[in-house]
Amino acid sequence: MQTTGNRTRARSLGNTALALAILAVMLFPVYWMISTALQPDSAVAAAQLVPTSPDFGNFARALETQGGSLLTSIVVSLGAVVVCLTLAAPAAYGLAQFGLRGGRAIVFGTLITQMVPSIVVANALYNAYAELNLVNSYLGLILADASLGLPFAIVLLRAFMVSIPTEVVEAAMVDGANRFTAFCRIVLPMSRNALITAGLFAFLFAWADFVFALTLNTTDDVKPVTLGIYQFIGAHVSDWGAVMATAVLSAIPAAVLLIAAQKYIAAGITGGSVK
């Protein structure tokens, strides 16, 4: 019995050590990015594994040159979240509760759209945007980035809204609420975790977008941080400290949101699995 317990503990320690080793390998690029950003020497070959004299000058230069791009990314990503949830929530509710004919085929088709390469969509959008005067505009980029998270949001919200009892909505309608009021006051509050999860992923999709930003913008009027880093590397390929500082700054908003919303993500993803 004691031997079995020792083997179990040894196996557990081995699994923990293996998991930590894999985590260290996966996080090393992030550590190297932060370490290089804190070193004043611009040469990558001369960068130290552990910065002995941290310097924040690279971050000052990054903010000076890429601060506008960071602000643009925040505006575009938040706008994409608003558009995505505004469209996805009623679509998901309709698919979940109205018993539409061919609903499963619609959900499957929604998933298929997620597999279409972004460059294909971007090329098609450019021609339409040129006619609608949406090229080089915040609205155009917001709409394009919203399409990245829309299929995922619809599928996720539908999976959750299927589990909402119809009796709850019917009780609200008996009390005098119409279907739209019941949707806003009953369904949406009950779907809070799923909405937060879908909104977070929509934000991340928009924040990480590069293809739409490159294809649908021909000037620097609307330049997200992904496009800013791309152009920054081309102009400062020898100044990797500033490049890495820009990359660190661009990763902070996404990291903060993931940490702040992790409990909602877990609840939102698993909520639809239990009916």
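The values are calculated or read from the model by the stated rules, or taken from the named source; none is laboratory data. It should be emphasised that the depicted structure is a prediction, and the values quoted were computed from it without experimental measurement. A quick note on method: Cβ atoms are made from the backbone with ideal geometry, for glycine too, and the neighbour counts reach across all protein chains shown. When the accessible area is computed, the model is the full protein with side chains, heavy atoms only, and any ligands, DNA or RNA have been set aside. Shrake-Rupley method; radii C 1.70, N 1.55, O 1.52, S 1.80 Å.
Say R0 is 30 Å: what FRET efficiency, to the nearest 0.05, do residue 52 and residue 251 get from their beta-carbon distance? Walk me through the numbers before you get to the answer.
Details: r = 24 Å, r/R0 = 0.79.
Efficiency computed from Cβ-Cβ geometry: 0.80.
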Run the numbers for residue 259 and residue 131: contour at 0.36 nm per residue of separation, minus the present Cα-Cα distance, in nm.
42.0 nm
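Take the Cβ-Cβ distance between residue 106 and residue 7 as r, set R0 to 30 Å, and report the resulting FRET efficiency rounded to the nearest 0.05. Please list the in-between numbers first.
Working: r = 52 Å, r/R0 = 1.72.
About 0.05, to the nearest 0.05.
Tell me, rounded to the nearest percent, the portion of alpha carbon pairs in the chain spaced more than 26 Å apart.
Details: 21581 of 37675 pairs.
Counting every Cα pair in the chain, those more than 26 Å apart make up 57 percent.
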Helix 240-260 sits off the longest principal axis of the Cα atoms of the chain, rounded to the nearest 10 on a 0 to 90 degree scale, by 30
Residue-normalised accessible area of the chain, given per residue in Å² at a 1.4 Å probe:
56
Which angle between 0 and 90 degrees, to the nearest 10, do you get for helix 57-97 versus the longest principal axis of the chain when only C-alpha atoms count?
20
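For the chain, which whole percent of the accessible surface, found with a 1.4 angstrom probe, sits on carbon and sulfur atoms?
Working: 10540 of 15390 Å².
Answer for the chain is 68 percent, counting heavy atoms of protein chains only.
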